[in-house]
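For reference, the structure is listed below as structure tokens.
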Ligand code: NAD
């Protein structure tokens, strides 16, 4: 075994069914007396129930979180933080809601309790992407990593099957890139393999029966572990490419990850034999093809064209993906990157 560094991050995790009922206890543990609940319309009923359970310790509800954490929305929420004298944040929703909670924490250092309702994994990461004047700027700082995460399987039962599939593959992407991260370590590798196994087992079952509690439990467990991977080691080509594509063509987050992952993995495969051998243990002989098949099995769109990316954007995307060099196991080669994006654009199988 090579030399490695492993840093554990002290996030408290409460996992199970009905665990959202534990939020008042978690507020108590953190000695908070006025928490602001941030959420979106799809989680409004849960937010209302949590506010009722908190009674006087709920300072208010801000239901306006949106994708890509626009600074203007954060500023509106910040006014409510100031008006109510909030001393903590409870974020209930998907990655967009978690992003708003983190943006508030960045500005105030308030403690966060996050209740995720998708498989995005942001709740375990120190990463925050904020949008201002059409530009998404991403930073990594421990100031935004939440203190407590409450995973409640029951809250994921209503996540639509299509979104469950793509959100779950978004999570798999974190684990896949963790396997070849330059700063990987044996603990994160264990978590990554366990996450990929749990999610690949669960997602087709969820699409067949969104109310399958055992599969939902597996998926949320896998999403947690994938989030730890994302929050612990460096991501590479796949994440950079999705960030570029999403920003350049306003593509949906989880769906873009789902369309790109098989191709990004196939690109890196020759440079990462150890990771490929580990992946073959859970995904079979051709891991990139298996991920493409999984996307098909959950009914996801596999062509970036179907997500709204114009064909004329392929060269621009390749250029932007190469513009700022970043660590990747296989050197970034212009023609091969363009070929990768072309295949993802068409929804062709990975090569
Ligand atoms: P999202 O939070 O935007 O949610 C997608 C849609 O699903 C929304 O309409 C939402 O209201 C709805 N929804 C969420 N949970 C639901 C549920 N249980 N039942 C029914 N509907 C539900 O999507 P996402 O993929 O979770 O997050 C994407 C955002 O998170 C992006 O902005 C992305 O950049 C960010 N993100 C950040 C990190 C990080 O580490 N910083 C990691 C992953 C994603």
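What follows draws every value from the coordinates through simple rules; no lab data is involved. This one's a predicted model, so the numbers in the text were calculated from it and none came from an experiment. With ideal geometry, Cβ positions are generated from the backbone for all residues, glycine too; neighbour counts draw on all protein chains shown.
State the extension gain, in nm to one decimal, for the chain segment bounded by residue 49 and residue 108, taking 0.36 nm per residue of separation less the distance between their alpha-carbons.
18.7 nm
Taking only DSSP H segments of four or more residues, each worth -39500 (n - 2.57), what value at 222 nm results for the chain once the sum is divided by all its residues, to the nearest 500 deg cm²/dmol?
Rounded to the nearest 500, it is -17000 deg cm²/dmol.
In whole Å, what three semi-axes, largest first, describe the equivalent ellipsoid of the stretch 159-254 built from its Cα gyration tensor (square root of 5 times each eigenvalue)?
Those come to 23, 19, 8 Å.
Hey, fewest Cβ within 10 Å first, where do 234, 96, 226 land in order?
234, 96, 226
Taking the Cβ-Cβ separation of residue 76 and residue 6 as r and a Förster radius of 56 Å, what is the calculated FRET efficiency to the nearest 0.05?
Calculated value: 0.90.
Tell me, in nm to one decimal, what length is gained between residue 208 and residue 330 on full extension, where the rule is 0.36 nm per residue of separation less the Cα-Cα distance?
Stretched fully, the residue 208-residue 330 segment lengthens by 40.2 nm.
Cα axis of helix 71-84 to longest principal axis of the chain: angle in degrees, 0 to 90, nearest 10?
With both axes taken from Cα atoms, the answer is about 20 degrees.
What is the pair-distance distribution P(r) of the stretch 104-158, computed from all Cα-Cα distances in 10 Å bins starting at 0, with each bin given as a whole percent?
Calculated over all Cα pairs of the stretch 104-158, the distribution is 22, 46, 27, 5 percent.
Out of every Cα-Cα pair in the chain, what percent are more than 25 Å apart?
That fraction is 50 percent.
Which angle from 0 to 90°, rounded to the nearest 10, does the C-alpha axis of helix 334-346 make with the longest principal axis of the chain?
With both axes taken from Cα atoms, the answer is about 70 degrees.
Got a sec? How would 326, 119, 180 order by Cβ neighbour count within 10 Å, fewest to most?
So the residues, fewest neighbours to most, are 326, 180, 119.
Helix 186-208: angle to the longest alpha-carbon principal axis of the chain, degrees 0 to 90, nearest 10?
90 degrees
Once every Cα of the stretch 12-156 carries one equal point scatterer and solvent is ignored, give the base-10 log of I(q)/I(0) from the Debye formula at q = 0.11, 0.17, 0.18, 0.22 Å⁻¹, two decimals.
For the requested q values the scattering log ratios are -0.33, -0.84, -0.95, -1.49.
At 7 Å along Cα-to-Cβ for each site, give me the label-to-label distance between residue 84 and residue 137 in nm.
2.7 nm
Give me the orientation-averaged projected area of the Cα convex hull of the stretch 197-239, in nm², one decimal.
Quarter of the Cα hull surface area: 3.4 nm².
What list of whole percents do you get for P(r) of the stretch 246-351, with Cα-Cα distances grouped in 10 Å bins up to the one holding the largest distance?
Pairs per bin, as whole percents: 15, 46, 33, 6.
Can you list, largest first and rounded to whole Å, the semi-axes you get for the stretch 161-346 by taking the square root of 5 times each eigenvalue of its Cα gyration tensor?
Equivalent ellipsoid of the stretch 161-346: 24, 20, 13 Å, largest first.
Between residue 67 and residue 201, what is the label-to-label distance in nm when each label sits 7 Å out along the Cα-to-Cβ direction?
3.2 nm
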